[in-house]
Amino acid sequence: MDKLDCIVIGAGPAGLSATLTLGRARRKVHIVDNGTNRNRVTQESHGFLTRDGIKPQQLKDIAMEQLKPYPSVSISKETVTEVYKDDQKDLFTVHTSNNKSYLAEKILLATGIQEEFSISQIKQYYGKSLFSCPYCDGWEHRDQPLAVIAENEAHITHLTKLVFNWSKDLIVFSNGHQLSNKLRNEFESKNIKVYTARIKNLHGENGNLESIELESGENIFRSGGFVVPSFYSPNKFAEQLNCQFDENGEIITDGDGRTTTNGVYIAGETEKAGPSSLIIAAAHGNKAAASINLDLTLERF
Ligand SMILES: Cc1cc2nc3c(=O)[nH]c(=O)nc-3n(C[C@H](O)[C@H](O)[C@H](O)COP(=O)(O)OP(=O)(O)OC[C@H]3O[C@@H](n4cnc5c(N)ncnc54)[C@H](O)[C@@H]3O)c2cc1C
């Protein structure tokens, strides 16, 4: 098995940006991806400088195409199933679902996060008419009749105030949560209606929301809106590699992508275990790659 300088797990903007930087630094790097990038459910990506409105797959394709001139870079589409470190040799072994194994001096975890919803029907509309990030999709839904679906006071306050910037035609659905009088009054003064009854069903076609049906019997017209998902990490590679976590569940780093386990680096949404954006993830990848390259340089010079 040929030894790599670095194996990158995850070809989202974080992993792809890191791989580009490492390829340009003449490092032998392999990037593995299984096509489960978080934004695969949406039609267009917004706010990435020079690529506003691009399809998520097109952004990925361009990034992969631009890795081709670098001969020390290779790519495979497969799922990483296991990673472990040989502490004596200071080397990482990565196994995949295709029964392949890779040996590398450094490993970059850029596998991102995934979301789940307490109201399961949201999934059918997520990325088409329901979204979680107003900066990503607020503009396209400006001035439309929107829903804010959130289930605790802090989330309701934050998301409603934010989305109000894009549409004044807002209705809050708290799915059983009772709002404080202070917040209710604040929303009332802005003509924002609040329904606290539990959500029974969502109605619409092809991912386009048409109405929200409540257990109280009402069926409220809305053409889209914003929701607050829960986020989780899709794998346990950082735990398996003994990386330390802080009290908020975030992997501890030095701020430049180095974890507490020598040779293990992280980038993108893996870093905060929470949502960010394409351009921030790409910047994290660039920063982590510079750390990897610097460490390899100093170790070998
Ligand atoms: C509906 C929606 C719309 C969005 N719209 C925008 C937008 O308009 N603008 C914007 O800036 N951001 C947007 N985002 C956010 C954006 O998608 C993320 O911020 C960004 O993708 C994070 O990049 P990342 O590289 O950290 O993770 P990801 O892009 O999620 O990439 C992680 C990669 O790791 C791979 N992976 C995971 N586990 C394994 C494994 N075991 N083996 C192999 N590969 C693995 C996955 O295949 C995936 O490609 C949106 C998100 C969603 C859900």
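For this structure, a couple of remarks:
- For segment 24-42, the set of residues classified as farther than 16 Å from ASN286 by Cβ and either at pLDDT below 95 or more than 9 Å from the ligand (Cβ to nearest atom) (or both) consists of ARG26, LYS28, HIS30, listed by residue number.
- Residue, farthest from the ligand (Cβ to nearest atom), within segment 52-68, restricted to residues that are assigned to a loop (DSSP other than H, G, I, E, B) and in contact (Cβ under 8 Å) with a residue 24 or more places away in the chain: GLN66
- ASN206 being in contact with an Asp or Glu (Cβ under 9 Å, 6 or more places away or on another chain), polar (S, T, N, Q) and loosely packed, with under 14 Cβ neighbours inside 10 Å: no
- Flag for GLN114 being open to solvent by 50 Å² or more (accessible area, probe 1.4 Å) and either near the ligand (Cβ under 7 Å from one of its atoms) or closer than 30 Å to ASN206 by Cα (or both): no
- Residues (open to solvent by less than 60 Å² (accessible area, probe 1.4 Å) and assigned to a loop (DSSP other than H, G, I, E, B)) located in segment 253-301: GLY255, GLY257, THR261, GLY263, ALA267, GLY268, ALA273, GLY274, SER276, SER277
- Matching strands (runs of 3 or more DSSP E) fully within segment 81-196 where at least 2 residues are β-branched (Val, Ile, Thr): 91-96, 146-149, 170-173
- Selected residue [open to solvent by 50 Å² or more (accessible area, probe 1.4 Å), assigned by TED's automatic domain parsing to the domain that holds GLY204 and touching a residue at least 24 places away in the same chain (Cβ under 8 Å)] from ASP90, ASP143, ASP137: ASP143
- Residue that is farther than 24 Å from LEU278 by Cα, of a type outside the set (Gly, Ala, Ser), surrounded by fewer than 17 Cβ atoms within 10 Å (Cβ to Cβ) and not assigned by TED's automatic domain parsing to the domain that holds LEU278, where the choices are ASN165, ASN185, ASN175: ASN185
- Criterion (closer than 20 Å to LEU294 by Cα and within 18 Å of the chain's Cα centre (by Cα)) met by exactly one of LEU16, LEU4, LEU59, LEU22: LEU16
- Pairs are defined by a Cβ separation below 9 Å, a sequence spacing of at least 6 or placement on different chains, a first member in segment 8-36 that is open to solvent by 20 Å² or more (accessible area, probe 1.4 Å), and a second member that is at pLDDT below 95; the pairs so defined are LYS28/ASP2; THR36/PRO234.
The values are calculated or read from the model by the stated rules, or taken from the named source; none is laboratory data. In this text, all values refer to a predicted model and were calculated from it rather than measured experimentally. Cβ atoms come from the backbone with ideal geometry, glycine included; neighbour counts cover every protein chain shown. Just the protein is used for accessible areas: all its heavy atoms, side chains included, with ligands, DNA and RNA removed. Shrake-Rupley method; radii C 1.70, N 1.55, O 1.52, S 1.80 Å.
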